[in-house]
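Below: one structure, written as structure tokens.
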Amino acid sequence: MLEIKDLTLHYSGSQILNGVTMNAAQGQVTCVMGTNGGGKTSLMKAISGTHARSGGSVRFDGADLPKLPAHKLAQMGIGYVPQGRMIFPLLTVRENLETGLACLPQAERKIPDRIFEMFPVLKEMENRRGGDLSGGQQQQLAIGRALITRPKLLLMDAPTEGIQPNIIQLIGQVIQQLRDEGEMAIILVEQYFDFAFDLADQFYVLKRGEAVFSTSKAQATRDEVQAAFSL
Amino acid sequence: MSTLLEVQGVSVTFDGFRAINNLSFEIGATELRAVIGPNGAGKTTFMDIVTGKTRPDEGTVRWGDLGHSLLSMSEAKIAQAGIGRKFQRPTVFEDQSVYDNLRVALKKPRGPLAAIFDKTSDADGARIAEIAEEIGLADQIQRQAGILSHGQKQWLEIGMLLAQDPKLLLVDEPAAGMTTEEREHTTALLKRLAENHAVVVVEHDMEFVRRLDCRVTVLHEGSVLAEGSLNHVMADDRVIEVYLGR
Amino acid sequence: MSIFIKNRSVPVFIGLLILFALGVTVMSEAYGSGAISVSFTKVLGMTLCLCLAALAMDLVWGYCGILSLGHIDFFGLGGYVIGMWLMTARTEAVVRGNLAAQPIPPTESEISDATALQIFSVVGAEDWPWMWAASDSLFLSLLLIVAVPGLLALVFGWLAFRSRVTGVYLSILTQAMTLALSLYLFQNDTGLRGNNGLSGLQNIPGAEDIGQERISIWFFWASAVALGVTYIASAWLISSKFGNIIRGIRDDELRVRFLGYQVEGYKLFVFTLSGVMCGVAGALYYPQAGIINPDEIAPIASIYLAVWVAIGGRGRLYGAVIGAAVVSLLSTYFTGGRAPDIILGVIQIEWVDWWPVLLGLGFVLVTLFAPKGLGGLFDYIVRKAPAEPKAEDRI
């Protein structure tokens, strides 16, 4: 689904990504881990178009992808759940979800029931303002909102950060379900090793803006991956 | 061990929502305590009350040997009294360098005139360098804080807390954004600090809490649901139901 | 002084200021070729005073985040205080001269009465208002240039900051303060001659024989010195820990509180200091302008001050100076009636009326394309490549 080659990115003169090469296949969870400042969030921003890449090539869904702005990429099927959730605090839960409908053709602009089946709490809190939700509820809302855009590629940046254990389990189940349906490619940026290892099919470790290690679950043991992750 | 902070029967309501409900909490001068609980249980609001950001509707908050009430003090006075806080979201001065952030936090006189004539002494400089080393930002010390990564900003905020050298450290989700190694480093740091400070840590990472090896308080819907060793609270059915999952 | 070593912009700015002052002197009527007329010398001197006011505004807004839209109040009060002394001393000298010809020498109180009559008859009064109590003493008046704006800033700031008013609400309050003051001054019985204002301020008592050529260039130098000294002092302040703290207050007030700093005290300090700086700027400006009236402290004037700093680049000291200099000189050019009108078919663009449109357009363009203002653009040109933001680049 996604093929990246030699991706570079700068923040006003400072180079953060030094040529990242990675692939994310459909129906798989690709996990990106690494130390702080390694470039994981910058990579997500580059893929989603939130921050323009400086160089390198990207192929998405079989076609070359030029440097497009984020809203165009969202319409093309790249969904993004950013670090920190970024819920619209003054909009209700329903309104937050509805913002995802902009990516769909007019006739299909309706919140699918499936979102509420996945995250029942969103139905309960439908008319509460986004800012009144707890962290765990906001995270569910953020994922729901991204799913409404019918992404072919779902980018998730640190979805478990600051979330209580039982909601982490729920999120894990949702990711597994989405992966098993086989239609989406999922890229997961995580620092929480156990969560990431259990879900991922493919691993990359980013260090200083480059992918220094990559393997698939089939090829490496848990210890090997953990060792690479801590290097 | 004497009680450093004593919170008794505190309640606060926002727009009809009872965020804190008759909460009581105590911590000693050299104690490490973990506070866990569902998102929205009131952990952050609890810290807001202790640090003076939110005034409770009822209850008392007493500090130190003399039992001063913190409720009549401004946030700055409470911080000067020796309570330092690291926020859930990295709250550092993004426009300024790592060095300047640490310098501003350093425990020195807080008045405007003192600030105008402040000279960073050799001892100050050494302390800043020491902290920068501890938080892993020694080679980034002149960098603008705003371009640090999320995890690095967390570390910077921890560094600022260390620089403040408070008597009570309120640390809200320190593990967020950290690698496994960094989490181990942080638990070691917090345990070391608890040897001569009071440290309250809010966290969701149960492994992290386990390594802290301390008393655990579980908050739920604004009051204390359970308290005790980690094994004790993890075995509690109510805690499993509202928080841990099966 | 380490301030000169650590920050390149300070010696560069001072150097340019000195060169500018020398250049003007060499072309002035009093000491040079006369290429620059007396009235233009005054325009340049006044511009330097406006740059000083912009510097004060940058300190309080660009560095501390307090958008005060009432700073011209302090500027005007400084002008009124010095104006009172100037008018009193000069009128008294004239009166003394007139009455000296009388057979019986006039008493001091007769001179005083005659002076008062001369000054206040225009508003139908003949007694000294209480405000003019210190107007016969140069020493006291000089003190009041600092004390009056300072006191207003202190009281207003104390009330506003301790009630934790911030952001837009604070700006509205400052506009209210400005409006209240200008309305108060418009009234004839306030004691400052209502909308007649104070006039003839270019006539310096004791300097009757010295022509305007020299007086104008001396005031120009004084304005340049005031700007230079204040620039250095501001740079010194900003590079101290105090500067870090007020920038912290601008960006995250709560964080600063939680570090144990009493934010209100810091805000009050900066606000009052900035008010005093404006007062001094005003005291130098109005003798060059020759007249001061309540129109000068209309609410719009303070907004212009904010616009100059925004266009020049706030959070940079030389940005504020560039903004004030460029925009106010352009404003003088376009509204002075000398800019040629542009005829586009049936529409005739008269710059006197169209200047605000140009200013507004300039403001929008700067916001869109040069968010760091002209100062930022200048940085970009000088440095060529946009470098990683360096933490020391704050002056």
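The values are calculated or read from the model by the stated rules, or taken from the named source; none is laboratory data. All of these numbers come straight from a predicted model, not from anything done at the bench. So basically every Cβ, Gly included, is an ideal-geometry build from the backbone, and we count neighbours across all protein chains shown. Just the protein is used for accessible areas: all its heavy atoms, side chains included, with ligands, DNA and RNA removed. Shrake-Rupley method; radii C 1.70, N 1.55, O 1.52, S 1.80 Å.
For (1) among the basic types (Lys, Arg); (2) open to solvent by 10 Å² or more (accessible area, probe 1.4 Å), each residue gets a yes or a no:
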| position | (1), (2) |
| --- | --- |
| C:ARG8 | yes, yes |
| C:PRO11 | no, yes |
| C:GLY15 | no, yes |
| C:VAL26 | no, yes |
| C:ALA30 | no, yes |
| C:LYS42 | yes, yes |
| C:ALA53 | no, no |
| C:LEU59 | no, no |
| C:GLY70 | no, no |
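If a residue counts only when it is facing chain B (nearest Cβ under 7 Å), under 24 Å from the mean Cα position of the chain (by Cα) and among the basic types (Lys, Arg), which helices (runs of 4 or more DSSP H) contained entirely in the stretch C:240-299 have at least 1 such residues?
C:241-251
Here is a list of conditions, (1) part of a helix (DSSP H, G or I); (2) more than 14 Å from chain B (Cβ to nearest Cβ), and A:GLN140 meets all of them except one; can you say which number that is?
(2)
Just need a number here: residues in the stretch C:47-83 that are farther than 15 Å from C:ILE303 by Cα and of a type in the set (Phe, Trp, Tyr).
2
Taking the options B:ALA115, B:ALA81, B:ALA105, name whichever one is within 9 Å of another protein chain (Cβ to nearest Cβ), among the hydrophobic types (A, V, I, L, M, F, W, C) and in contact with a His (Cβ under 9 Å, 6 or more places away or on another chain).
When all the criteria are applied, what remains is B:ALA81.
In the stretch C:93-123, what residues are open to solvent by 70 Å² or more (accessible area, probe 1.4 Å) and within 16 Å of C:ASN196 (Cα to Cα)?
C:LEU117, C:GLN118, C:VAL122
For the stretch B:35-65, give me each residue that is among the small types (Gly, Ala, Ser) and either in contact with a Ser or Thr (Cβ under 7 Å, 6 or more places away or on another chain) or within 16 Å of B:GLY84 (Cβ to Cβ) (or both). Write out each step before concluding.
Taking the stretch B:35-65 and keeping what is among the small types (Gly, Ala, Ser), we get B:37, B:40-42, B:52, B:59, B:64.
If the condition is that a residue be among the small types (Gly, Ala, Ser) and either in contact with a Ser or Thr (Cβ under 7 Å, 6 or more places away or on another chain) or within 16 Å of B:GLY84 (Cβ to Cβ) (or both), then B:GLY40, B:GLY52, B:GLY59, B:GLY64 are the ones that fit.
Would you point out the residue of the stretch C:315-338, among those that are free of Cβ contacts under 8 Å to residues at least 24 places away in the same chain and not in a helix (DSSP H, G or I), that is nearest to C:SER9 (Cα to Cα)?
That would be C:GLY336.
The conditions are (1) away from chain B (no Cβ under 14 Å); (2) touching a helix residue (DSSP H, G or I) at 6+ places or on another chain (Cβ under 8 Å); (3) among the β-branched types (Val, Ile, Thr), and C:VAL225 fails exactly one of them. Which is it?
It fails just one condition, (2).
Name the one entry in B:LYS153, B:LYS167 that is modelled with pLDDT of 90 or more, more than 10 Å from every other protein chain (Cβ to nearest Cβ) and open to solvent by 10 Å² or more (accessible area, probe 1.4 Å).
B:LYS167
Name the pairs: first residue in the stretch C:238-263 and under 13 Å from B:LEU106 (Cα atoms), second residue polar (S, T, N, Q) and open to solvent by less than 10 Å² (accessible area, probe 1.4 Å), Cβ to Cβ under 8 Å, at least 6 apart or on different chains?
Going by the 8 Å Cβ cut-off, the qualifying pairs are C:ASN244/B:GLN96; C:PHE258/B:THR51.
For the stretch B:48-76, name all the residues that are surrounded by fewer than 17 Cβ atoms within 10 Å (Cβ to Cβ) and within 11 Å of chain C (Cβ to nearest Cβ).
B:LYS53, B:SER74
Restricting to the stretch B:204-246, name every residue that is aliphatic (A, V, I, L, M), part of a strand (DSSP E or B) and open to solvent by less than 30 Å² (accessible area, probe 1.4 Å).
Within the stretch B:204-246, B:VAL216, B:VAL218, B:LEU219, B:ALA226 qualify.
Give the number of residues within the stretch A:52-89 that are away from every other protein chain (no Cβ under 14 Å), open to solvent by 40 Å² or more (accessible area, probe 1.4 Å) and in a loop (DSSP other than H, G, I, E, B).
The qualifying residues number 8.
For the condition assigned to a strand (DSSP E or B) and either open to solvent by 50 Å² or more (accessible area, probe 1.4 Å) or of a type outside the set (Val, Ile, Thr) (or both), what is the one hit in A:LYS5, A:LYS45?
A:LYS5
Confirm whether A:ALA185 is under 15 Å from the mean Cα position of the chain (by Cα), away from every other protein chain (no Cβ under 14 Å), over 30 Å from B:GLU241 (Cα atoms) and crowded, with 19+ Cβ neighbours inside 10 Å.
yes
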